[in-house]
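The values are calculated or read from the model by the stated rules, or taken from the named source; none is laboratory data. These figures come from a predicted structure and were not determined experimentally. Note that each Cβ is placed from the backbone with ideal geometry, even for glycine, and that neighbours are counted across all protein chains shown.
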Amino acid sequence: MAVDEQTFRHVMGRFATGVTVLTTGRDGVFHGMTVNAFASTSLRPPLVVVSIDHVALSHDAIAATGLFALSFLSERQRDLSDAFADPESDANRSLDGVEYDLGELGLPLLQGCVAWLECRVGESHVSGDHTLFVADVVSATAGSEDRPLVFYGSDYRELR
Ligand SMILES: Cc1cc2nc3c(=O)[nH]c(=O)nc-3n(C[C@H](O)[C@H](O)[C@H](O)COP(=O)(O)O)c2cc1C
């Protein structure tokens, strides 16, 4: 029997994750979005995968540039997670009002995060209504020692 969407969402909500903001774009025009469908998939070479909705603004930008960066949020950064999950927000659309530095790929790395990755896409696979972008990790940097933001049961949690 097929699993209905509500059950699937409810059950997947019982899998705790960290929260990242993915940034992408080119020529100084950037977009960002909150992403928790993220995993490391290989150590040698270092590879990661993100799963991005076909309708997300960032989807076509990643497909066009083959580049994205990930900023791992701390528990102090819930507001950033909310802003980047809102397609109408200035943060999501253009990173207006967000403090960031540019990494070696020229993509924004949000300030105050617990870690950052810069990634170059090697393969992409359509997976239902999302695309899996499998990417080489070009740089990996640890940041603040703050506790990470955790997402569980459709809500933010704190590690204790
Ligand atoms: C905690 C959290 C995790 C999310 N993870 C993903 C994800 O992994 N992939 C995805 O496509 N959308 C994810 N979203 C939804 C996007 O952040 C949201 O749809 C965003 O508005 C997409 O931006 P855009 O359509 O303006 O580009 C997540 C939202 C939240 C709150």
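Before we move on, is V137 farther than 28 Å from R9 by Cα and β-branched (V, I, T)?
yes
Taking L67 and the conditions (1) modelled with pLDDT of 95 or more; (2) within 11 Å of the ligand (Cβ to nearest atom); (3) under 14 Å from the mean Cα position of the chain (by Cα), which numbered condition does it fall short on, given that it satisfies the others?
Evaluating L67 over (1) modelled with pLDDT of 95 or more; (2) within 11 Å of the ligand (Cβ to nearest atom); (3) under 14 Å from the mean Cα position of the chain (by Cα) leaves (2) as the failure.
Would you confirm whether any residue within the stretch 133-149 is in contact with an Asp or Glu (Cβ under 6 Å, 6 or more places away or on another chain) and among the polar types (S, T, N, Q)?
Yes: the stretch 133-149 contains one or more residues that are in contact with an Asp or Glu (Cβ under 6 Å, 6 or more places away or on another chain) and among the polar types (S, T, N, Q).
Give the residue that is farthest from G143 (Cα to Cα), with candidates limited to residues of the stretch 83-97 that are within 14 Å of the ligand (Cβ to nearest atom) and assigned to a loop (DSSP other than H, G, I, E, B).
E88
Test each condition in (1) at pLDDT below 95; (2) closer than 28 Å to L43 by Cβ; (3) surrounded by 14 or more Cβ atoms within 10 Å (Cβ to Cβ) for D146 and report the one that comes out false.
Against the list (1) at pLDDT below 95; (2) closer than 28 Å to L43 by Cβ; (3) surrounded by 14 or more Cβ atoms within 10 Å (Cβ to Cβ), D146 comes up short only on (1).
Which residues, taken from the stretch 35-66, are in contact with an Asp or Glu (Cβ under 8 Å, 6 or more places away or on another chain) and either assigned to a strand (DSSP E or B) or of a type in the set (S, T, Y) (or both)?
If the condition is that a residue be in contact with an Asp or Glu (Cβ under 8 Å, 6 or more places away or on another chain) and either assigned to a strand (DSSP E or B) or of a type in the set (S, T, Y) (or both), then L47, D53 are the ones that fit.
Please go through the stretch 18-31 and give me each residue that is more than 8 Å from the ligand (Cβ to nearest atom), farther than 16 Å from G112 by Cα and in contact with a helix residue (DSSP H, G or I) (Cβ under 6 Å, 6 or more places away or on another chain), ordered by number.
T24, G25, R26
In the stretch 120-128, is there at least one residue being in a loop (DSSP other than H, G, I, E, B), in contact (Cβ under 8 Å) with a residue 60 or more places away in the chain and not hydroxyl-bearing (S, T, Y)?
No, the stretch 120-128 has no match at all.
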